[in-house]
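The values are calculated or read from the model by the stated rules, or taken from the named source; none is laboratory data. Here the structure is a predicted model, which means the values were calculated and not measured. Backbone-built Cβ (ideal geometry, glycine too); neighbour counts: all protein chains shown.
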Amino acid sequence: AQTIYLEDYKPFGWIIDDVHLTFRLHPTATRVISRIRFRPDYDVHHRPFFLHGEGLKHISIKVDGHEVEPTHVDGGIEVDVPEAPFNWEAEVEINPEANTALEGLYMSNGMYCTQCEAEGFRKITWYPDRPDVMAQFTVRIESTASHTPVMLSNGNGLYTSTDQTQKDTPSVTIYQDPWPKPAYLFALVAGDLIAHEDKFTTMSGKEVNLAIWVRPGDEDKCAFGMEALKKSMTWDEEVYGREYDLDEFNIVAVDDFNMGAMENKGLNVFNSSCVLASPETSTDANFERIEAIIAHEYFHNWTGNRITCRDWFQLCLKEGLTVYRDQQFTADMRSEPVARIANVLALRGRQFPEDQGPLSHPVRPESFQEINNFYTATVYEKGAEVIGMLRTLVGADEYSKALDLYFDRHDGDAATIEDWLQVFEDSTGRDLTQFKRWYSQPGTPRVTVREDYADDTFTLHLSQSTAPTPGQDDKAPQVIPVNVGLLNPNGDEVMPTQTLELTETEQSFAFPGHATRPVPSILRGFSAPVILDHDIDNARRAFLLAHDTDPFNRWESGRMLARGSLMNSIATGAAPDLAYLNGLGAVLRDDTLDPAYRALMLGQPSQTELAGLLHDTGDTPDPEAIHIASEALRDAKAAALADVLPDLYQANQVKGAFSPEAGPAGQRALANAALSLLSRSDAGKQAAAQYQQADNMTQQLAALSCLLDAGQGAAQLASFQVQWAHDRLVMDKWFSLQIIHANPQDAATTTARLTEHKDFDMKNPNRFRAVMGALSMHHAGFHYRDGAAYALLADWLIRLDPLNPQTTARMCSAFQTWKRYDPARQEKITTQLDRILSQPNLSRDTTEMVSRIRD
Ligand code: B3K
Ligand code: ZN
C-alpha cells in the first residue's frame, strides 16, 4: 500500500464555488448527480485534474455540457478540463445496502445515513475529497414519503414537498448549507424517524430549532441528550464566546456506526449508544459519556468546522482542541478533580500503552497508509493534554485571548498546527519552538525527581528523558510544565501551586526560606502527560494521601500506595500493605469528601496497567500472578474496611426519582464500590437484594456485576435477558458482562459461546465490540496461558475484515502489547498476527495496523 507523507502536501489546484448534489434514493441503486463549478487556482501549479472516487458506478460525466470519458487511475479519475472556469456534471450509481464498511452512504435498519470522515465522500461521488477544498453545498433528496418519511442534510432546510398522506408520490427535500465546508462534513440521513424537538436562543437573539431524530420507539430516550446539547450551546457562548450559526441543529441516532459520533455541519450523526439515554436503560457512566460526546460534537462546530484542517496530518488541530474543550465542559458541569482523575485514568489506560509500544506516533503524525488508523488516543487525548499544557504555561487569560485571535484570524480556513502555534506566539509573545516538539516527538517522557535540603533552602532536581520510539531514537528535551506545591511536616501548605518550566535535560529549582524541610507535592493536577519517577517511601505517600491540598495528587498518592502494594505482592506474594489500607480507610470515612472522589479512591490499578509497569521495570508480567494479587488486594480491602463499608453503602443510597446529575451519580458510585467489596464476604446477599429492588440500570447492572463476581447470578442473568431482549443497547451490556466477569480460564469459551447466540451480529460494531472488546480487555482472560483468546479474536478479526475494515483494524490494537509477555505468549500472539497478515485481500486498514504491531 501507498504511504502518504506530510511533507508532500500540495494544494488541489482548483477552487470550487458551489456544489449541487441530487440523490435519488434506492437501497441498492442510489443515483447521485453532482453539479460543481470549478475554477483554476492560478497561484498554484496545475497537475492533472484528479478527483477521488471509490466503488462508484460511472454513468456519465459532462464538462461544460459535453460528455467526456474519464481515465480511471488509482483511487479515482483524471479528466481533461479547460484552464478556465468550467461546469462539472457527473452521475454515478452506488449501493447503500451492500455497504457493510459503514463509510460513505449506507443503510442501518432501513435508514439511509452517511459517514464521510475521513475519506468516505469519495464513495458517494467523484470529488476532491480532501479537507482543504471547501465549498457551499446544496443538496436535493428525491424519494417517496413511504420509503423515507424524513430526509435531512447539512445546513438549513430550504424546501420539502414531502406529504405524509401522499405516501407513494415522489417527494423532494432540499437543504442548503451557507457555510463552506470540506466534503468530510457532508451528511445525509433519510428514513422513518421521529424528532424530539426543542429551541435555543443564541446570545445574539437568534432562534435555533433543535431536534434529536430517532427510530420510533426510542423517542423517550432523547430528553437527556437535548439538555446536554442546550448546556453545550450555552457553555460555548459563555466560555469561548462562540455562537451557533444555522437555523437548525439536528442530531440523528444510528445503530450501526463505527465510532462514537460525527460532527457533520448542522447534522451530527451519533452512534445510538452515545445519545439515547433513560434511567432504566443507561448507567450513570453512560449518561456522563453521552453528555461529553454531545458537547464534543457540538464544539466541533467552531473547532473543526468553521476552522478545519488543511490535511489529515493536522487532525489534532481539531480533535486535541475539541477534546480539551469537552473536558473543560465536563469539569464545569460536574466535579473538576473527579473529571481530571477520569481523564488521567483514560490517558494511562489507552494512550500510554500506545505511546510505549509499536504503534507509537506523534500527536501530529508524519506519514500514514490509512488515515482512519490515526484516530487514536495519542491524537485525541495526548492532543488535549498538549493544549492543557499550553494553557498552564501561558495562563488562563492569555489562553482566552489567543483563542479569540485564533477564531478571528482563521475562521473559514483549513489550518495547520503552525497556524495554531503562530497565534499563540503572536498573542503572548512567547517563543514556542521548543514546545512544538510535543507535536513531533512521540513517546512518554519520564521526569525523575531528586530532593535536597540545606541552609533553609529546599531544592528539586528534575531531569527528563524519553525512550526511543519506532523510527525515532534520539529525543530532544521538551517543555514540561511541572506544577509543584510544598507542605510542612504538619501537613499545612507552605507554598501554593507554582508552575516550574522544565526545558533542559536536567534542571534544579530552589525554594529558599524554609526553616523546616518541606514535603513537595509534584506534578499537581497531572500538569503534563509524563511518567513521574520519584523514589519516596510509603510513609511519605501516606502523609500526602492524608494531607495534600491538591485533590489529584491526593488521589495519586493513594494510587501509588496501591501500586506499590500490588507490585510487592506480585513479586513476593507478600500481603497487601497496611499503610495503604489504613490511609484509604481514613479517606473513606471523611464525609467532607465528595462521594464520587471517594469512589475513585476505592479503585486500584488495572491488571493491564500493572503488566505495563512490570514491563517498564524490566520484568515479564505474569497475567495469572497479576490477577491473583489484584484479587487479594480486593479481599484485603474488604476485610480491612469491614467496619466502614456497610455505612458507606447505607449512607449513599439515593432516595427519590432518579437523577443522572453528578451528586447522586457519585453517591451511587461510592455505594456500589462498597457493595462490590461487601459482596466478597456475603456470597452476594446484599447484591441480590439490590438487584431485586433496582429501578434504574446503574443499580441493576452494579448488582448483577457483584453477583457474577461472587460466582452467583445465573438466575438474574437469565431474567435480565428476558427483561431487555427488546433493547439493543442494554443487550450489549448483557453480552459484555458475562465476559468481563468470567474466570480467566473461561473467558475465551464464554466469548465463543456468546458468538453462537442468535443475537450476536458481527455486522453491528456495537455488538462486535461488546463481545470481542470485552474479551480483549479481560487481561487475565485474554492472556490466559492456553492462547485460546488470541486465536478466537484473530478468527473474528479475519471474518470481519472483508465486511468492516475500520472496526477490524481498530480492534487489532488488543495485540499491541505483545512484546511485554513471555516467549511462549509472544509466540502464540505472533502466530495469530501472521495468520491475519497472510489473509488474501486483507484490507489496507488491517494490513497497516498488524504490520506496525508485528514490527
Ligand atoms: N470526527 C469524528 C471521528 C471520525 C472518525 C473517522 N474514522 C468524531 C469526533 O472526533 O468527534
Ligand atoms: Zn472529535
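Checked against the criterion of being of a type outside the set (Asp, Glu), within 24 Å of the chain's Cα centre (by Cα) and under 24 Å from Ala689 (Cα atoms), segment 603-613 contains one or more residues that satisfy it. Only one entry in Gly104, Gly76, Gly53 is of a type in the set (Gly, Ala, Ser), within 20 Å of Asp177 (Cα to Cα) and in contact with a strand residue (DSSP E or B) (Cβ under 9 Å, 6 or more places away or on another chain), namely Gly104. Filter segment 237-258 for residues that are more than 16 Å from ligand 2 (Cβ to nearest atom) and over 30 Å from Lys401 (Cβ atoms) and give the result. Asp247, Glu248, Asn250, Val252, Ala253, Val254, Asp255, Asp256, listed by residue number.
Okay, residues lined up against (1) at pLDDT 95 or above; (2) within 15 Å of ligand 2 (Cβ to nearest atom); (3) in a helix (DSSP H, G or I):
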{"residue": "Leu276", "(1), (2), (3)": "yes, no, no"}
{"residue": "Asn286", "(1), (2), (3)": "yes, no, yes"}
{"residue": "Ile294", "(1), (2), (3)": "yes, yes, yes"}
{"residue": "Cys316", "(1), (2), (3)": "yes, yes, yes"}
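In the set Arg634, Arg680, only one residue is modelled with pLDDT of 95 or more, surrounded by fewer than 21 Cβ atoms within 10 Å (Cβ to Cβ) and part of a loop (DSSP other than H, G, I, E, B); that residue is Arg680. The criterion of at least 1 residues that are under 28 Å from the mean Cα position of the chain (by Cα) is met, among strands (runs of 3 or more DSSP E) falling completely within segment 124-235, by 150-153, 170-181, 188-191, 194-201, 207-214. Here is a check on your reading of the model: is Arg39 more than 26 Å from Trp179 (Cα to Cα), more than 37 Å from the chain's Cα centre (by Cα) and not hydroxyl-bearing (Ser, Thr, Tyr)? For Arg39, the condition - more than 26 Å from Trp179 (Cα to Cα), more than 37 Å from the chain's Cα centre (by Cα) and not hydroxyl-bearing (Ser, Thr, Tyr) - is not met.
Looking at Asn258, Asn286 in this structure, which one is polar (S, T, N, Q), touching a residue at least 40 places away in the same chain (Cβ under 8 Å) and either within 13 Å of ligand 1 (Cβ to nearest atom) or touching a Gly at 6+ places or on another chain (Cβ under 9 Å) (or both)?
Working: Asn286 fails: either within 13 Å of ligand 1 (Cβ to nearest atom) or touching a Gly at 6+ places or on another chain (Cβ under 9 Å) (or both).
Exactly one residue qualifies, and that residue is Asn258.
Here Glu78 fits the description: within 26 Å of His46 (Cβ to Cβ), in contact with a Ser or Thr (Cβ under 6 Å, 6 or more places away or on another chain) and either within 16 Å of ligand 1 (Cβ to nearest atom) or in contact (Cβ under 8 Å) with a residue 24 or more places away in the chain (or both). For segment 637-668, filtered to residues that are touching a Leu at 6+ places or on another chain (Cβ under 8 Å) and in a helix (DSSP H, G or I), the residue that is surrounded by the fewest Cβ atoms within 10 Å (Cβ to Cβ) is Pro646.
As for segment 764-780, it holds no residue that is within 16 Å of ligand 2 (Cβ to nearest atom) and not charged (D, E, K, R). Within segment 339-387, if we keep just the residues that are away from ligand 1 (no atom under 14 Å from the Cβ) and among the hydroxyl-bearing types (Ser, Thr, Tyr), the residue that is surrounded by the fewest Cβ atoms within 10 Å (Cβ to Cβ) turns out to be Ser367.
When Glu319, Glu291, Glu336 are checked against the criterion of being of a type outside the set (Gly, Ala, Ser) and within 11 Å of ligand 1 (Cβ to nearest atom), Glu319 stands alone in meeting it. Among residues of segment 85-94 being within 16 Å of Ile141 (Cα to Cα) and surrounded by fewer than 22 Cβ atoms within 10 Å (Cβ to Cβ), the one that is nearest to ligand 1 (Cβ to nearest atom) is Val92. When segment 620-647 is filtered for residues that are more than 35 Å from the chain's Cα centre (by Cα) and charged (D, E, K, R), the ones remaining, listed by number, are Asp643, Asp647. For Phe224, are the conditions met, namely being aromatic (Phe, Trp, Tyr), surrounded by fewer than 22 Cβ atoms within 10 Å (Cβ to Cβ) and either under 26 Å from Leu403 (Cβ atoms) or touching a helix residue (DSSP H, G or I) at 6+ places or on another chain (Cβ under 9 Å) (or both)? Yes: the conditions hold for Phe224. In the condition set (1) surrounded by fewer than 18 Cβ atoms within 10 Å (Cβ to Cβ); (2) farther than 30 Å from Phe313 by Cβ, Thr30 is compliant with all but (1). Scan segment 791-807 and give yes if some residue there is surrounded by fewer than 17 Cβ atoms within 10 Å (Cβ to Cβ) and within 24 Å of the chain's Cα centre (by Cα), otherwise no. Yes, there is a match, as at least one residue in segment 791-807 is surrounded by fewer than 17 Cβ atoms within 10 Å (Cβ to Cβ) and within 24 Å of the chain's Cα centre (by Cα).
Scanning segment 116-138 for residues that are away from ligand 1 (no atom under 16 Å from the Cβ) and either in contact with an Asp or Glu (Cβ under 8 Å, 6 or more places away or on another chain) or free of Cβ contacts under 8 Å to residues at least 60 places away in the same chain (or both) yields Asp132, Ala135, Gln136, Phe137, Thr138. Exactly one residue out of Thr100, Thr114, Thr71 is at pLDDT 95 or above, under 37 Å from the mean Cα position of the chain (by Cα), surrounded by fewer than 19 Cβ atoms within 10 Å (Cβ to Cβ) and of a type in the set (Ser, Thr, Tyr): that is Thr100.
Here are Arg799, Arg825, Arg852, Arg835: which of them is assigned to a helix (DSSP H, G or I) and either in the same structural domain as Tyr375 (by TED's automatic domain parsing) or touching a His at 6+ places or on another chain (Cβ under 7 Å) (or both)?
Arg825
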